[in-house]
Each structure stands twice: as C-alpha cells, then as structure tokens.
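Only one structure is covered here, and it is reproduced in the block below.
The numbers here are math on the coordinates, done by the rules we state, and not lab data. Remember, it's a predicted structure, so these values are computed and weren't measured experimentally. Here Cβ is always computed from backbone atoms with ideal geometry, including for glycine, and neighbour counts include all displayed protein chains.
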Amino acid sequence: MMGTHVIPNWWEVASLFDVVSKLVDGSHNPPAKQSAGLPMLSAVNINDNKIIFSDYRLISEDAFLLEDRRTRIAPGDVLLTIVGAIGRAAVVPEVISKFTLQCSVAVITPNL
C-alpha cells in the first residue's frame, strides 16, 4: 500500500528508472518562431490521449535538429504534460510527422 491508494497484489512496485530507458523534458530555451519550418509542440498539444497538431510554434530545421538531439521522440514514447495542465498523456503512434517539444512536456521511453 502506498499513501491512501491500494496497489493490486499482482502489481510490482518499481522505481520509474527501472522501467524506462529515457526520461527527458523538452526545450527550456525554445528557438525563435519561424513562418515556416518544423513543429515544436507544448502541453496544449497533448489532450485526450492524443497529439494535436494545431496552435504550435514552427522552428527552423537547424533548430529542430538541435532540439531533437535532446528528446529523440519515437513511436511508443509516452508524452506527459508536466507544466500547466499536469498529467495529460499520449503515446506517440507508429506514423506521425516529425516534431519536438517545449519544456512543458516530458518524453518517456518505456523498457519493453
């Protein structure tokens, strides 16, 4: 039992770092907006267990490559909002356009 919640007896208690290979948040210093480029999403783009491609910042390809080195978002990753509307999540699907993230969203890669 942890806190006031009962953990089912068939569950195992583990540290998050025992079950994930990556836990990182997005950019803390987002690049300047561009009129064209690649999307940089934030917490507003994670809702109802989906990644929503509307109302986002476009960044240059060079800035994208720099930001992508940090997050390396891949299919199966879990996106979790950690600023603002905390706790909304979505799983990155197999087929999706390239994007990177601002610091309001964490990327979690589960060990499968």
* Please state the relative contact order of the chain as a whole percent: Cα pairs under 8 Å, 6+ residues apart? -> 36 percent
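How do the peptides 45-56, 95-106 rank, highest first, by the average count of neighbouring beta carbon atoms within 10 Å per residue?
Highest to lowest by the protection proxy: 95-106, 45-56.
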* To do: Measure nothing but the geometry: give the 0 to 90° angle between the long axis through the Cα atoms of 61-71 and the longest principal axis through the Cα atoms of the chain, rounded to 10°.
  => 10 degrees
